[in-house]
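What follows is a short report on a single structure.
The values are calculated or read from the model by the stated rules, or taken from the named source; none is laboratory data. Just so you know, these numbers come straight off a predicted model, no measurement behind them. Cβ atoms come from the backbone with ideal geometry, glycine included; neighbour counts cover every protein chain shown. Surface accessibility is based on the protein's heavy atoms, side chains included, excluding ligands, DNA and RNA. Shrake-Rupley method; radii C 1.70, N 1.55, O 1.52, S 1.80 Å.
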Amino acid sequence: MKILVSNDDGVYADGLWALVRELQDIATVTVVAPDRDQSGVGTSVTLRHPLRMTETRSPLDGVTAYSVEGTPADSVILALRLVVKDGVDLVVCGINEGPNLGDDAFISGTVGAALQGYFYGLPSMALSMATFGSCHLNVAARLAKILAVEIVNRNL
């Protein structure tokens, strides 16, 4: 299984790496995420500025990571067009620090990144925690792994 991981909190966010650590047990994981916090940008894309993508240091062996000077949606678009050209089975975005509940989902960069995967016809999911800080990221990451297996195996 191949999984693309992105987020809106930035490429070095604790939630992203907790997620990757768990998913790498079941898949080859590639990370392409914004170079800085991009919370609240929704599905916005960069139109009138150059986009730069740089391979960056991954804290986990076997995981390739890139940072993008752009939005979460930009990150997923660049990943699907330039990085994982041979395709992925699933796009997973998060783990977002802070809730994305109700109308907040419309402005969430995490949800916006997952929607780009969906727009490319790929199964995609966004994960957020209704808290701030790193508490219980491991629990959310384990849930993401369970959901990832179910989504791919059942073709959801």
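The distance between label points at Ala105 and Lys2 comes to 2.9 nm (points 7 Å beyond Cα on the Cα→Cβ vector). Structural descriptor for region 1-98: relative contact order 41 percent, calculated from alpha carbon pairs under 8 angstrom and at least 6 residues apart.
Just the projected area, averaged over all directions, of the convex hull on the alpha carbon atoms of region 37-100: how many nm²? Taking a quarter of the hull surface, the average projection is 5.4 nm².
For the chain, carbon and sulfur atoms together expose 52% of the accessible surface, with a 1.4 angstrom probe and every protein chain in place. Rounded if a/c is under 1.5, else prolate if a/b beats b/c, else oblate: with a ≥ b ≥ c from the C-alpha gyration tensor eigenvalues square-rooted, which is region 114-156? In terms of gyration-tensor shape, oblate.
Between Glu150 and Tyr120, what is the FRET efficiency for a Förster distance of 22 Å, r being their Cβ-Cβ separation, to the nearest 0.05? Efficiency, rounded to the nearest 0.05: 0.60.
Ellipticity at 222 nm from helices only: DSSP H runs of n ≥ 4 in the chain, each -39500 (n - 2.57), divided by the residue count, give -9000 deg cm²/dmol. Ligands, DNA and RNA aside, Ile77 has an accessible area near 30 Å² when probed at 1.4 Å.
Of the chymotrypsin sites (Phe, Trp or Tyr not before Pro) found in region 76-156, the ones in coil according to DSSP and having at most 10 other Cβ atoms within 10 Å of their Cβ are Phe132.
Using the 1.4 Å probe convention, the accessible area of region 2-156 works out to 50 Å² per residue with neighbouring protein chains retained. Assuming R0 = 30 Å, what is the FRET efficiency of His49 and Asp89, from their Cβ-Cβ distance, to the nearest 0.05? Calculated transfer efficiency: 0.40. For the chain, the equivalent ellipsoid derived from the Cα gyration tensor has semi-axes of 20, 18, 16 Å, listed largest first.
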